[in-house]
Every structure is written in C-alpha cells, then in structure tokens.
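Asks: Sharing a structure below in structure tokens format, with a few things to ask.
The values are calculated or read from the model by the stated rules, or taken from the named source; none is laboratory data. In this text the structure is predicted, and so the values were computed from the model without any measurement. Note: ideal-geometry Cβ built from the backbone for every residue, glycine included; neighbour counts use all protein chains shown. Areas reflect the complete protein model, heavy atoms only, side chains present, ligands, DNA and RNA absent. Shrake-Rupley method; radii C 1.70, N 1.55, O 1.52, S 1.80 Å.
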Amino acid sequence: MSTSTALEQADALIEQAWGQPIATLEAAAVQRPVKDPLLRSAMHIRSTLVVTDNAVAVYQDRLHALTRPGQVPAFYDLERITSSAADLRVAQAESRTALQAIGHVIEARAATVTADRAPAVRLAQAAVARSGHAPRALGQAPDQPAPSAAVGPSGVGLGPGR
C-alpha cells in the first residue's frame with residue numbers, strides 16, 4: 001500500500017504536468033481572466049481533495065483510537081467503529097475519484113497541447129514537401145520555384161483543345 005496520500009500524489013501529478021511548484025500554480029489559477037482553464041480545474045479539484053484528505057486522516061485516527069491494541073470495545077463503541085469505518089471508506093473513495101479527475105484534466109491538457117501542435121506539424125510537413133523536395137523541370141535553375149503539382153483530374157481523354 002502506498003504511504004503517500006492522495007493529496008501528495010495529486011500535487012506530484014500537477015507539478016509534473018505544469019512544471020512548477022504547487023504554490024506558484026495556486027497563485028496562477030486564481031488570476032482573472034483565466035489564462036489556463038485546465039489548471040484552474042485541476043486546482044479546484046485539488047481543493048476538494050484537501051478536504052477529503054483531511055477527512056481520511058480524521059476517520060483513520062478515530063478508528064485507531066477506538067481499536068487500539070489491548071482495548072476491548074464496549075457495546076456502544078461498536079456502532080461508532082462501524083460508522084467510522086464506513087465514513088473512512090467513503091472519504092477514501094472520494095479521494096480516489098478526485099485523483100482520477102485530476103488525471104483526466106492532465107490528459108485533456110496533454111491532448112490540447114498535442115492538438116495545438118498538430119496543425120503546425122502538418123504545415124511544416126507541407127512546407128518541406130513544397131520546398132527543395134519537389135521535382136524540378138529539366139533545365140530549371142535550382143533557385144527558381146518548382147511548378148505546383150496539378151490538382152484535379154488528369155488530362156487523359158480531354159483531347160488537344162481543352
């Protein structure tokens with residue numbers, strides 16, 4: 001079982017994705033107008049995670065106090081133990097859900113960055129294809145632009161008078 005809390009895991013994920021410490025990212029997330037809405041979303045989910053992480057710690061401490069070694073729980077303590085255990089499980093599930101949500105926000109950010117780069121990559125590939133790699137007509141000087149490729153139907157069957 002992992003010794004780090006869900007909040008520590010979320011902090012590590014966010015810091016790695018944005019490349020800055022959490023304190024800096026918290027300050028950037030509250031700026032208006034919003035410069036990075038995905039950062040704002042991740043930090044909002046993180047604030048929820050702070051609450052659930054504290055709840056997990058409280059319920060764990062309560063269970064440890066009620067079930068410490070050498071102590072036999074009284075009959076009236078059984079309800080408190082059961083209730084605390086259920087509350088702990090709910091808080092842990094909420095923490096896992098918030099951590100997954102932060103992961104989804106980070107995946108969305110990565111997809112956005114990739115999508116933003118995709119048109120630039122296609123344009124660069126097209127520019128390379130049009131540049132020196134295009135075939136030149138016989139007798140054409142290297143510094144003259146190559147004729148553009150014909151787009152559309154070929155001239156087969158059109159006859160001499162097009």
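Asks: When you go through 41, 4, 47 one by one, which is the residue that is open to solvent by less than 80 Å² (accessible area, probe 1.4 Å), at negative phi and not in a helix (DSSP H, G or I)?
Replies: Only one candidate passes the filter, namely 4.
Asks: Restricting to the range 7-23, name every residue that is under 22 Å from residue 107 (Cβ atoms), without any contact (Cβ under 8 Å) to a residue 40 or more places away in the chain, more than 12 Å from the chain's Cα centre (by Cα) and part of a helix (DSSP H, G or I).
Replies: Hits for the range 7-23 are 8, 11, 12, 22.
Asks: Looking at the range 67-91 only, could you name the residues that are touching a residue at least 12 places away in the same chain (Cβ under 8 Å) and either assigned to a helix (DSSP H, G or I) or farther than 22 Å from residue 53 by Cα (or both)?
Replies: Scanning the range 67-91 gives 80, 81, 84, 85, 87, 88, 91.
Asks: Answer yes or no as to whether residue 56 is at pLDDT 95 or above, out of contact with any His (no Cβ under 6 Å at 6 or more places or on another chain) and open to solvent by 60 Å² or more (accessible area, probe 1.4 Å).
Replies: no
Asks: Restricting the search to the range 61-97, which residues are surrounded by fewer than 15 Cβ atoms within 10 Å (Cβ to Cβ) and of a type in the set (Lys, Arg)?
Replies: Of everything in the range 61-97, those that are surrounded by fewer than 15 Cβ atoms within 10 Å (Cβ to Cβ) and of a type in the set (Lys, Arg) turn out to be 68, 89, 96.
Asks: If the Cβ limit is 7 Å and pairs must be 6+ apart or interchain, which residue in the range 51-62 that is over 15 Å from residue 4 (Cα atoms) pairs with which residue that is part of a helix (DSSP H, G or I) and open to solvent by 40 Å² or more (accessible area, probe 1.4 Å)?
Replies: Partner pairs satisfying both residue conditions: 59/87.
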